[in-house]
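These notes concern the structure reproduced below.
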Amino acid sequence: MEKSEKILIVDDDKILCEHLKAGLADENYAVVTVNKSSEAIEEVSKHQFNLVLLDLVLPDIQGIDLIRLIARKYPETCFIIFTGYATISSAIEALKAGAYEYIIKPFDIGHLKLVIKRGLEKYGLILKNKDLLVRLEKEKFKLEIILDSYNKIGAILGLDDLADFVTSRVLQIADAEKSSLMMVDEKTGDLVLRGSKGLDKEKVALRVKIGELVAGWVAQEGETLLVSDIDSDPRLNLTSRRSRYKTKSFISLPLKIDSHVIGVMNVTDKLAGTRVFTKDDLRYLTLIAHQTVTQIENIRLCEKLSSLAVTDALTNISNHRYFQEQLKVEIMRAQRYKHALSIMMFDVDSFKTYNDSYGHLEGDAVLKHVARIIKMNVREVDIVCRYGGDEFVVILPFTTLKSAKFVAEKISRSVEEQDMFNRQTGKVMRVTVSGGVATYREGMNKDELVGLADQALYKAKGEGKNKICSA
């Protein structure tokens, strides 16, 4: 059985030392005896003792001076003085120096055992309180970081900015070297790296499938991983990836809205102490994770509301308001950099008749069909908008009138060639569009440019529809 508390006995009487050691043998103490203060100092340099039992009078350094020397290195040590030369002044001086108790020789071994037991209990409690104070101070520091993070996270309005801020704070909170924040791409369903600290981005996976690697597993299962030892944890099989980690411990926790996982927070390579992450680390990280999820929701809601303000609800392309704003911007750009700028306007042929014959639901289906084909046939830089009713408009930066007409004719052919199923009649319907194309000229304002495209459109309509005319 391993000995618990360590006791050092210092007395120049060797027989007394052996007697005391034998008397304490049944108490499960690890007892060391020495006969000089110098020998005691040597022992203290090698081991820390819970309690030192010493005579007031020693052949080299006096007992009170020895207490002061040991207490300077180990202030939590319990000291008990025993002496045959007792005076009130020596007792007071010993207690002032830090002695717990003062026993006069000769003494009863049973009484000494009781004093030792109580002394160890008292100093054990002091140690616990000291550890508690250290933990409370540490917790106060961490909670202050988290509270400050809460205040600052609420003001961040971009997902990448949020990810950069959170990964920095995570390193402070968990005393770690590396952290990353991955979010689920709503289009592909993959985890995408949005922010990291301490990672070599050339070696880290920027995109992870759900279910793959640690982050993918956490996202799939919705379960937090607090791993103390990568090599022995039964949930992991990371032998081939072990070289990524400096330490064997890491934390990976899902960011969830209710039961839906929207991202994963990862922390690796603990810096302090045992270099193993603890439940306290996980508790702190969970607090900042909750606030991060809340802000992700807020940012996405703001983005959605912003998108709705400039997006046509039916066709899911930009609306008339956005067209007016962007055309103004593109004209200013064309003026400044002297590049070509054109626009196309389209109108669904005989749309009113189709709408009246088959109802608004079928009419809406036609508008969605045409919007989709227009988007398929233009570039990423081109801006497709619903102008109003059954009219569509496209802004084409860096495009001449000739090129714009070519694109418009291509769109017209695509609309005509792609059959559309009418759910009411059960038949395939033929849809066509007419279009007008205009190009920007120096000094022209946006209304004049739109007016030219509109005139060209009505010319196409007047010449028999399913046709493209240019201004």
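Set Lys and Arg Cβ to +1 and Asp and Glu Cβ to -1, take the dipole of the range 6-127 about its Cα centre, and tell me which of Leu53, Cys78, Ser37 lies farthest positive. The one lying farthest along the dipole's positive direction is Cys78. Taking every DSSP helix (H) stretch of at least 4 residues in the chain, weighting each as -39,500 (n - 2.57) and dividing the sum by the residue count yields a mean residue ellipticity at 222 nm of -15500 deg cm²/dmol. Sparse packing (at most 11 other Cβ atoms within 10 Å of the Cβ) combined with a DSSP loop state is found for the following GluC sites (Glu not before Pro) in the range 308-395: Glu380.
Within the range 128-215, the GluC sites (Glu not before Pro) that combine a DSSP coil assignment with at most 13 other C-beta atoms in a 10 angstrom radius are Glu186, Glu202. Between His260 and Glu212, residue separation times 0.36 nm minus the direct Cα-Cα distance comes to 15.5 nm. Amide H contacts for Lys465 (H built 1.01 Å from N in the peptide plane; partners 5 or more residues away or on another chain; cut-off under 5 Å): none found. State which stretch of the chain is the longest one without any exposed chymotrypsin sites (Phe, Trp or Tyr not before Pro), exposure meaning a DSSP loop state and at most 16 other Cβ atoms within 10 Å. By the stated rule (loop sites, at most 16 other Cβ atoms within 10 Å), 246-397.
Relative contact order of the range 6-127: 23 percent, from C-alpha pairs under 8 Å at least 6 residues apart in sequence. Taken about its Cα centre, the range 6-127 carries a charge dipole of about 340 debye when Lys and Arg each add +1 at the Cβ and Asp and Glu each add -1 at the Cβ. With θ taken as phi - 60° and the Karplus curve 6.51 cos²θ - 1.76 cosθ + 1.60 applied, the whole-hertz 3J(HN,Hα) list for the range 440-449 is 6, 10, 3, x, 7, 9, 5, 5, 5, 5 Hz, x standing for glycine and proline. Rounded to the nearest Hz, the phi-derived 3J(HN,Hα) couplings of the range 337-350 under the Karplus curve 6.51 cos²θ - 1.76 cosθ + 1.60 (θ = phi - 60°) are 9, 6, 10, 6, 8, 10, 9, 10, 10, 10, 9, 6, 5, 6, where x marks glycine and proline.
Counting only DSSP beta bridges with both residues in the range 320-470, the antiparallel share comes to about 90 percent.
Checking every one of the GluC sites (Glu not before Pro) in the range 411-448 against DSSP loop status and a limit of 10 other Cβ atoms within 10 Å picks out Glu442.
For the range 308-452, relative contact order (Cα pairs under 8 Å, six or more residues apart, normalised by length) works out to 32 percent. Remark: the range 164-179, residue by residue, has Karplus-estimated 3J(HN,Hα) of 5, 5, 5, 5, 5, 5, 4, 4, 5, 5, 9, 6, 10, 9, 9, 8 Hz, where x stands for each Gly or Pro and the curve is 6.51 cos²θ - 1.76 cosθ + 1.60 at θ = phi - 60°.
Shown is the FRET efficiency for Ile145 and Thr294, computed with R0 = 22 Å from the Cβ-Cβ distance and rounded to the nearest 0.05: 0.80.
Under 5 Å from the amide H of Tyr387 lie the amide H atoms of Phe392, Val393, each residue being 5 or more positions distant or on a separate chain, with H modelled from the backbone and absent for Pro and chain starts. Ordering Val184, Leu199, Tyr354 by the projection of their Cα atoms onto the charge dipole of the chain, which places +1 on the Cβ of Lys and Arg and -1 on the Cβ of Asp and Glu, puts Tyr354 at the extreme positive end. Place a label point 7 angstrom from the Cα of Arg379 along the Cα-to-Cβ direction, then list the residues of the range 425-446 whose backbone nitrogen is under 17 Å away. The answer is 438-440, whose backbone nitrogens lie closer than 17 Å to the label point. With respect to the cross-link table entries Lys338/Lys467; Lys187/Lys256; Lys352/Lys402; Lys209/Lys375, which display a Cα-Cα separation exceeding 22 Å? With Cα atoms farther than 22 Å apart: Lys338/Lys467; Lys352/Lys402; Lys209/Lys375.
Taking 18 Å as the cut-off, the amide N atoms of the range 30-49 that come nearer than this to a point 7 Å along the Cα-to-beta-carbon line of Lys14 belong to 32-40. Fully extending the segment from Asp26 to Ala71 would add 13.4 nm, taking 0.36 nm per residue of separation and subtracting the current Cα-Cα distance.
Each Cα pair under 8 Å and six or more residues apart adds its separation to the average, and for the chain the resulting relative contact order is 8 percent. DSSP finds beta bridges in the chain, and of those with both partners inside it, around 70 percent are antiparallel.
When the Cα positions of Thr286, Gln172, Ile230 are compared along the charge dipole of the range 154-306, Ile230 comes out farthest toward the positive end, with charges on each C-beta of Lys, Arg, Asp and Glu.
Bear in mind these aren't lab numbers, they're just calculated from the coordinates by the rules spelled out. This one's a predicted model, so the numbers in the text were calculated from it and none came from an experiment. With ideal geometry, Cβ positions are generated from the backbone for all residues, glycine too; neighbour counts draw on all protein chains shown.
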